[in-house]
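Student: Below is the structure I would like to discuss, written out as structure tokens.
Any read-out appearing in this document is the output of simple, stated calculations on the displayed coordinates, not a laboratory observation. Fair warning: this is a prediction, and the values are worked out from it, not measured in the lab. Heads up, the Cβs are rebuilt from the backbone with ideal geometry, glycines too, and the neighbour counts pull from every protein chain shown.
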Amino acid sequence: MNPAPRRADDDLRLALPKGRMQEGIWRLLAEGSLPVRASSRNYRPTVGPGFEVKVLKPRTVVEMLHSGTRDVGFAGADWVAELDADVVELLDTGLDPVRLVAAAPAELLEDGALPRRPLVVASEFERLTANWIEGRRLDATFVRSNGATEVFPPEDADLICDITQTGATLRANGLVVLDTLVESSTRLYASRAVLDDEGRAARVRDLALVIGSVIEARGRVMLEVNVPVDRLDAVVEVLPCMRQPTIAELFGGSGYAVKAAVPRSALPRLIPARKARGGSDVVVSALSQIVA
């Protein structure tokens, strides 16, 4: 068995989440030329030079960033809210969008509302659930769950506060969503302590820039189109680019080649619009990273 590499004093201590977030984050890092390579110690992969990496549960990532034992890491906004953690959000990856919701069996509800009697609420999220109970002025007792919260009602709890993405699991268990407590996604956070060290803070910002460039590129494509001289203004007028398009004269002065990084979602209307305004030879290319 190979020993784990020694950590240099100036290495950034990076925390990666295990579980449902892991695949998306590893792919994101790989697209930013920071591939995660598993080591003989499963919880200590490598991400190129300059990083000391540990794979942790998302809740533990937040706890370690809060305490300063990790410098930077990926975690869900739900756990940051639950732990009331003093961490700095660097960027929202948009991955794993979920909601923490309150849900109850349909038969418990009276005219669509909770009954005015003592209730039992099960959840992994004690602080957020307690705040919700107080805000709704409910007479309720909290019961902690550790996974499979949706199976608590009706025998072991009246209702739950649980994470959902589509609501399918809740519906399959006969539960109706009553309220949304928190909307969450996977985000990149830093500890306060690392940002107080300007040299290391610069490296944290560099990491955020690289990750952000991949996220930006995922939402855009490079659109190239040839335009006759007399149609250039008409085409450029409706081109949604980041700043200004790149325009180059075609050989022989017959027109222009126009290039711009455009939102991927706009392609269904952009391509016909370019053709209608005189554009031809439309080419769409994938992008890997964009730094504005």
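Student: Could you work out, for the chain, what percent of all Cα-Cα pairs fall into each 5 Å distance bin, beginning at 0 Å and stopping at the bin that holds the largest distance?
Tutor: With 5 Å bins starting at 0, P(r) equals 1, 5, 10, 12, 11, 10, 9, 10, 9, 8, 6, 4, 2, 1, 0, 0, 0.
Student: So which lysines can K275 reach, going by Cα to Cα under 20 Å and dropping same-chain residues fewer than 8 places off?
Tutor: Straight-distance partners of K275: K259.
Student: So how do 74-80, 114-120 stack up, highest first, on mean other-Cβ count within 10 Å?
Tutor: Numbers: 74-80: 24.6, 114-120: 13.3.
Highest to lowest by the protection proxy: 74-80, 114-120.
Student: Largest first, please: the extent of the C-alpha atoms of segment 98-184 along each principal axis, to the nearest Å.
Tutor: 29, 26, 21
Student: Same structure, new question: Taking the convex hull of the alpha carbon atoms in segment 186-292, what volume per residue do you get, in Å³?
Tutor: Convex hull of Cα atoms, per residue: 120 Å³.
Student: Given a Förster distance of 25 angstrom, what is the FRET efficiency for E249 paired with V282, based on the Cβ-Cβ distance and rounded to 0.05?
Tutor: Working: r = 18 Å, r/R0 = 0.74.
With a Förster radius of 25 Å, E is 0.85.
Student: Right, next: Can you give me the long-range amide H partners of V143? Hydrogens built in the peptide plane at 1.01 Å from N, cutoff under 5 Å, separation of 5 or more residues or another chain.
Tutor: Counting only residues 5 or more places away or on other chains, the set is V121, A122, S123.
Student: Separate question: Among the lysines, which have Cα under 25 Å from the Cα of K57 when same-chain residues fewer than 8 positions away are ignored?
Tutor: Partners found: K18.
Student: Taking the highest mean first, how do the peptides 264-274, 244-254 order by number of other beta carbon atoms within 10 angstrom per residue? Could the numbers behind the result be given before it?
Tutor: Values: 264-274: 14.6, 244-254: 11.1.
Result, highest mean first: 264-274, 244-254.
Student: In whole Å, what are the extents of segment 55-137 along the principal axes defined by its C-alpha atoms, from largest to smallest?
Tutor: Between the extreme Cα coordinates on each principal axis of segment 55-137 lie 49, 24, 20 Å.
Student: What does the highest-first list of 57-70, 186-199 look like by mean Cβ count within 10 Å? Please report the intermediate quantities before stating the final value.
Tutor: Details: 57-70: 20.4, 186-199: 16.9.
By packing density, highest mean first, the sequence is 57-70, 186-199.
Student: Stretch R137-A273 to full length: gain in nm at 0.36 nm per residue minus the Cα-Cα span? Intermediate results must be reported in sequence, preceding the final value.
Tutor: On the way: separation 136, 0.36 × 136 = 48.96 nm, distance 5.46 nm.
Length difference between fully extended and current span is 43.5 nm.
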